[in-house]
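The values are calculated or read from the model by the stated rules, or taken from the named source; none is laboratory data. What you are looking at is a predicted structure, and each value in this text was computed from that prediction instead of being measured. Please note: Cβ atoms are built from the backbone with ideal geometry, for glycine as well, and neighbour counts cover all protein chains shown.
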Amino acid sequence: MKYINNSALNFRKLLKRKSFISAPCCFDALSAKMIENAGFDLTVLSGFSTSATRLCMPDLGLISFSEVYDQARNIKESISIPLIVDADNGYGNIMNVRRTAEEFIKLGCAGIIIEDQVLPKRCGHTPGKEVVDREESYDRIKAVADIRDDVGDIVIIGRTDANHTHDLDEAIIRGQEYHKLGADIVFIEAPKNIEEMKIICKEIPAKKIINLLEGGITPILPLHSIEELGFNIAFHPLTLLAASMSSMKNVLELLKQNKPTDDHMLNFNEIKETIGFNKYYKTISQYNSMNKNNKINE
């Protein structure tokens, strides 16, 4: 029996309905909920941000499958928009890739990113990257496609970092083959300039993702320019993490100096609304025994 993955179905409908999607990346349930509340149609569980917030460790292959799965599960329970999960290189050999894909399908993730880096992997905009040979990179995509056929739907995003380790030609070859093997979307990481971005959009027949990491290798262009080039989805992998870190740093400095912080914070009512206090009170009011034991209006 195949799993019915409504999130994958909704993601596919979204891809048909919209020619371009801006997707801020989340790192926990709260950031994902805020993305949904802001009106975005899609979010992505960033490996970089998850490693940073869950472990306070760099994105250098230190986070495990179980930790990413646990984070994705919490996020899935808090939002209704589709969630793409960054599954790195599948956390092992081809059999690990198959298991990773199966578990994220069963969880109800809309899409999965599988890349061609060696173990341990590292952030796509940092030095020291290495990729596996073509055959192994192709097998990873084929493994996910096989699981999709057997277990249930998920949108496959095939990522290659070969533009950094080899050249753009190698990355294009891999991206084209990923599409033939069943990848719905191709993600050629870290184009270095606009010319490379144009070539990617010209040579890759599948839908395409661009990763807009502030301070990274790829030029940050206005979204309308990104769409005009031919990309279909723009990831914003560190925008929320960087913004939240900056805000915390500034407020902590104010606290240290014994200065007011109110102007730099959400008010308490907005915080309660975002994380569901009002929904909780509305639900609990239906049960008389709970009302006796909980003074919900206090």
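Within the stretch 19-36, count every residue that is among the hydrophobic types (A, V, I, L, M, F, W, C), assigned to a helix (DSSP H, G or I) and within 16 Å of Ala242 (Cα to Cα).
Our first condition is that a residue be among the hydrophobic types (A, V, I, L, M, F, W, C); within the stretch 19-36, this holds for 20-21, 23, 25-27, 29-30, 32, 34-35.
When the remaining residues are screened for being assigned to a helix (DSSP H, G or I), the result is 29-30, 32, 34-35.
Next cut, within 16 Å of Ala242 (Cα to Cα) only: 30, 32, 34-35.
Within the stretch 19-36, residues that are among the hydrophobic types (A, V, I, L, M, F, W, C), assigned to a helix (DSSP H, G or I) and within 16 Å of Ala242 (Cα to Cα) number 4.
Look through the stretch 37-69, keep the residues that are among the aliphatic types (A, V, I, L, M) and part of a helix (DSSP H, G or I), and return whichever of them is farthest from Thr126 (Cα to Cα).
Checking each candidate, the answer is Val68.
Anything in the stretch 92-134 that is over 25 Å from Pro58 (Cβ atoms), basic (Lys, Arg) and either crowded, with 19+ Cβ neighbours inside 10 Å or without any contact (Cβ under 8 Å) to a residue 60 or more places away in the chain (or both)? List them, or say none.
Arg98, Arg99, Arg134
So Val85 fits all but one of (1) in contact with a strand residue (DSSP E or B) (Cβ under 6 Å, 6 or more places away or on another chain); (2) part of a loop (DSSP other than H, G, I, E, B); what number is the exception?
The single condition Val85 does not satisfy is (2).
Please count how many residues of the stretch 175-229 are within 22 Å of Asp86 (Cα to Cα), among the small types (Gly, Ala, Ser) and surrounded by fewer than 17 Cβ atoms within 10 Å (Cβ to Cβ).
The number of residues fulfilling the criteria is 2.
Within the stretch 117-128, is there a residue that is closer than 30 Å to Met1 by Cβ and out of contact with any Lys or Arg (no Cβ under 7 Å at 6 or more places or on another chain)?
Quick first cut of the stretch 117-128, residues closer than 30 Å to Met1 by Cβ only: none.
So far as the stretch 117-128 goes, no, none of its residues is closer than 30 Å to Met1 by Cβ and out of contact with any Lys or Arg (no Cβ under 7 Å at 6 or more places or on another chain).
Give the residue that is modelled with the highest pLDDT, with candidates limited to residues of the stretch 113-129 that are touching a helix residue (DSSP H, G or I) at 6+ places or on another chain (Cβ under 6 Å) and part of a loop (DSSP other than H, G, I, E, B).
Ranking the qualifying residues of the stretch 113-129, first place goes to Asp116.
In the stretch 220-240, which residues are of a type in the set (A, V, I, L, M) and closer than 19 Å to Asp41 by Cα?
Leu223, Ile226, Ile233, Ala234, Leu238, Leu240
Just one of Val131, Val155, Val118 is within 26 Å of Leu42 (Cα to Cα) and among the hydrophobic types (A, V, I, L, M, F, W, C); which is it?
Val155
Is it the case, given these coordinates, that Ala72 is touching a His at 6+ places or on another chain (Cβ under 9 Å), assigned to a helix (DSSP H, G or I) and free of Cβ contacts under 8 Å to residues at least 40 places away in the same chain?
Answer is no for this residue.
List, please: which pairs have Cβ atoms under 9 Å, are six or more places apart or on different chains, and start with a residue in the stretch 247-259 that is at pLDDT 95 or above and end with one that is surrounded by 11 or more Cβ atoms within 10 Å (Cβ to Cβ) and of a type in the set (A, V, I, L, M, F, W, C)?
Filtered contacts from the stretch 247-259: Ser247/Met265; Val251/Met265.
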